[in-house]
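A.B. asks: The structure is given below, and queries will be raised subsequently.
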Amino acid sequence: METTLASVRRAVFRFAETGAALSARYHRARLVGAEHLPSKGALLLVGNHGVWGYETPAFFHLLHNATGRYPLGLAERGFFKIPLVRTVLPWLGGVEGTPENALRSLSDGQLVVCYPGGARETFKRSQGRYRLRWERALGFVRLAMKAGVPVVPFAGFGVDDTFFWPPAEDRLCWQLAQEEKYRMPLVMGLGPLPLPVQLTFAVGEPQEPPPSGASESRLNAFRDHVAACVRRLLLRACHA
């Protein structure tokens, strides 16, 4: 049984790798600023999420090509309440985004990707395009502070243009869970495919986190600083 499960897991991973490579090719995906990504050592990448989180496989593919490392993604905890998703996500590098899991991953020297906007950015409406939803997000700041690792901001441009929202978008939603943030919009592409827009990911310079025991106001200031970095990187990616 264990051998069979391991074989299935490897097959799913290979299939996902192929899909990620095809997605990167389809969208002519580019990575700008790869020099800020070390080939080893713990690192916390923090940036914006695209609609449906569709861009993530292409982004992870580029990260792997640039560093030789398989990134780990801190996934929204609510997704792990969905039976099939909670089984497959870990096979593909998705980690339930608890403080314990995140800290353990960084302690193991992993390249960890965090989207502070979570489901609010993934399931955005049209008016939320390229808008960061980090209003109360301090988890990544506390994580970086506790782990003593730098935060590397990144931005994805094109990630909110791979689909378009049809008229009456507010009514065309699937409710995945009780909370409003899990109200998944029905977006459309080019027939069965997403729109063939180019995806550009820009990576910025590492930012040292606040020291241990920093005040709440200092944590808020650091979060706002990283968010400002991401917004500047969006402009860079847009014109790259």
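A.B. asks: Answer with yes or no whether F59 is assigned to a helix (DSSP H, G or I), closer than 18 Å to F157 by Cβ, out of contact with any helix residue (DSSP H, G or I) (no Cβ under 7 Å at 6 or more places or on another chain) and not polar (S, T, N, Q).
C.D. replies: yes
A.B. asks: Moving on. Among residues belonging to segment 91-120 that are out of contact with any helix residue (DSSP H, G or I) (no Cβ under 8 Å at 6 or more places or on another chain) and of a type outside the set (G, A, S), point out the one that is nearest to T67 (Cα to Cα).
C.D. replies: Q110
A.B. asks: Which of the numbered conditions does P90 fail, given that it passes all the others? Conditions: (1) at pLDDT below 95; (2) within 28 Å of E169 (Cβ to Cβ); (3) of a type outside the set (D, E).
C.D. replies: For P90, the exception is condition (2).
A.B. asks: Sticking with this structure for a sec: Can you pull out every residue in segment 9-56 that is of a type in the set (V, I, T), farther than 22 Å from M188 by Cβ and assigned to a helix (DSSP H, G or I)?
C.D. replies: Hits for segment 9-56 are V12, T18.
A.B. asks: Quick one: R77 ticks every box in (1) among the charged types (D, E, K, R); (2) touching a helix residue (DSSP H, G or I) at 6+ places or on another chain (Cβ under 8 Å); (3) within 21 Å of C173 (Cβ to Cβ) except a single one, so which number is it?
C.D. replies: Single failed check for R77: (2).
A.B. asks: If the requirement is being surrounded by 22 or more Cβ atoms within 10 Å (Cβ to Cβ), touching a Leu at 6+ places or on another chain (Cβ under 8 Å), at pLDDT 95 or above and not hydroxyl-bearing (S, T, Y), which of these qualifies: A66, A58, A75?
C.D. replies: A58 is the lone residue from the list that is surrounded by 22 or more Cβ atoms within 10 Å (Cβ to Cβ), touching a Leu at 6+ places or on another chain (Cβ under 8 Å), at pLDDT 95 or above and not hydroxyl-bearing (S, T, Y).
Residues are listed down the side, and each one gets a yes or a no for (1) in contact with a Ser or Thr (Cβ under 7 Å, 6 or more places away or on another chain); (2) closer than 19 Å to K181 by Cβ; (3) small (G, A, S); (4) part of a helix (DSSP H, G or I):
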residue: P90; (1), (2), (3), (4): no, no, no, yes
residue: N101; (1), (2), (3), (4): no, no, no, yes
residue: L106; (1), (2), (3), (4): no, no, no, yes
residue: V113; (1), (2), (3), (4): no, no, no, no
residue: E121; (1), (2), (3), (4): no, yes, no, yes
residue: R131; (1), (2), (3), (4): no, yes, no, no
residue: W134; (1), (2), (3), (4): no, yes, no, no
residue: R142; (1), (2), (3), (4): no, no, no, yes
residue: M145; (1), (2), (3), (4): yes, no, no, yes
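A.B. asks: I'd like the residue in segment 174-192 that is free of Cβ contacts under 8 Å to residues at least 40 places away in the same chain and assigned to a strand (DSSP E or B) and, out of all such residues, is farthest from S126 (Cα to Cα).
C.D. replies: Going through the qualifying residues, I end up with G191.
A.B. asks: Now a separate question. Is it the case that some residue within segment 212-232 is surrounded by 12 or more Cβ atoms within 10 Å (Cβ to Cβ), in contact (Cβ under 8 Å) with a residue 24 or more places away in the chain and part of a loop (DSSP other than H, G, I, E, B)?
C.D. replies: yes
A.B. asks: Of the residues that sit in segment 182-240 and are polar (S, T, N, Q) and touching a helix residue (DSSP H, G or I) at 6+ places or on another chain (Cβ under 7 Å), which one is modelled with the lowest pLDDT?
C.D. replies: Filtering first and then ranking leaves S212.
A.B. asks: Also, quick follow-up: Being more than 30 Å from K40 (Cβ to Cβ), modelled with pLDDT under 90, touching a strand residue (DSSP E or B) at 6+ places or on another chain (Cβ under 8 Å) and surrounded by 15 or more Cβ atoms within 10 Å (Cβ to Cβ), is that true of even one residue in segment 155-166?
C.D. replies: Yes, segment 155-166 contains a residue that is more than 30 Å from K40 (Cβ to Cβ), modelled with pLDDT under 90, touching a strand residue (DSSP E or B) at 6+ places or on another chain (Cβ under 8 Å) and surrounded by 15 or more Cβ atoms within 10 Å (Cβ to Cβ).
A.B. asks: Here's something else I'd like to know. Kindly indicate whether F154 is part of a helix (DSSP H, G or I), among the aromatic types (F, W, Y) and in contact with a Leu (Cβ under 9 Å, 6 or more places away or on another chain).
C.D. replies: no
The values are calculated or read from the model by the stated rules, or taken from the named source; none is laboratory data. Being a predicted model, the structure only gives us computed values, none of them experimental. Please note: Cβ atoms are built from the backbone with ideal geometry, for glycine as well, and neighbour counts cover all protein chains shown.
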